[in-house]
Amino acid sequence: MSKIQMKAWLMRGYGEKFKPAIISGVIAISANIVMLLVGHAVHIKTGHGGLLKALAIAFDFYPIPWDAKVLLLLSPLSWKYIFHFFVGIIMAIIYAYMVDPALGERITVIAKGAAYAATVWIVNAAVILPFLGEGFAGYRVLPLSGMIYFAMAHTLFFILLAVIYSKIYLRGSGKTLQNIV
């Protein structure tokens, strides 16, 4: 995209969604990661890196470059959380540019977040985890407590994302938020 095309894109209003998406994404994925770390600390097994493992298998690569000496300082779990963080930001951008406009004013902000959470959870539970041999929602490798805790952390991310994005985006646009709940 040339500088002129980028400027035209930003002037059409698309750029005004980017900053709120990034800010809300950082906050929501940080809360999600903290919740997952708390679960890990109290020995709730929630699984780690399903999407990362699926991509590595599907595209026949190992995305963690262990031969780079500096990168050896990070554990595999650290890499998984870094990847998780970036996926969260991508999910926030998708929310801002596709999900929020598609759902419009028909449903509340929390319902938008819950609908997005349910859609992504179903893809993970019914496609990604079975592809890895873990069964629907990971039932072959996770205890029920882990599946429930993961679903809660997952849903927290999407609802926080929707609420924070709506508040930031609407504040910048001069509109008021009518439908949170």
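Past 20 Å, Cα to Cα: identify those pairs from Lys17/Lys53; Lys53/Lys80; Lys45/Lys112; Lys112/Lys167; Lys17/Lys80; Lys17/Lys112, in the order given. List each step's numbers first, then the result.
Values: Lys17/Lys53 31 Å; Lys53/Lys80 10 Å; Lys45/Lys112 28 Å; Lys112/Lys167 14 Å; Lys17/Lys80 27 Å; Lys17/Lys112 16 Å.
Over 20 Å Cα-Cα: Lys17/Lys53; Lys45/Lys112; Lys17/Lys80.
Can you list residues whose amide H is under 5 Å from Lys45's amide H, if they're 5+ apart or on another chain and H is modeled 1.01 Å from N?
Sorted by chain and number, the residues that satisfy this are Gly146.
Please compute the length gained on full extension between Met152 and Ala114, using 0.36 nm multiplied by the number of residues separating them and subtracting their Cα-Cα distance. Don't skip to the answer; put the middle values down first.
Values: separation 38, 0.36 × 38 = 13.68 nm, distance 1.10 nm.
Gain on extension, Met152 to Ala114, equals 12.6 nm.
Report the full-extension gain for the segment His40 to Phe85: residue separation times 0.36 nm, less the Cα-Cα distance, to one decimal in nm.
Numbers: separation 45, 0.36 × 45 = 16.20 nm, distance 1.67 nm.
Extra length available between His40 and Phe85 comes to 14.5 nm.
Rank these for me by crowding, Leu161, Leu142, going from fewest to most other beta carbons within 10 Å. If you can, show how the numbers build up before the last one.
Details: Leu161 30, Leu142 20.
Ordered from fewest to most neighbouring Cβ atoms within 10 Å, Leu161, Leu142 come out as Leu142, Leu161.
Which whole-Hz ³J(HN,Hα) couplings does the range 133-144 yield from phi under the Karplus relation 6.51 cos²θ - 1.76 cosθ + 1.60, θ = phi - 60°, glycine and proline marked x?
Karplus-based 3J(HN,Hα) across the range 133-144 equals x, 8, x, 4, 6, x, 4, 6, 10, 10, x, 4 Hz.
No value in this document is a laboratory result; all are computed from the given coordinates. Predicted model only: the values in this text are computed from it and were never measured. Neighbour counts run over all protein chains shown; Cβ positions are idealised from the backbone, glycine included.
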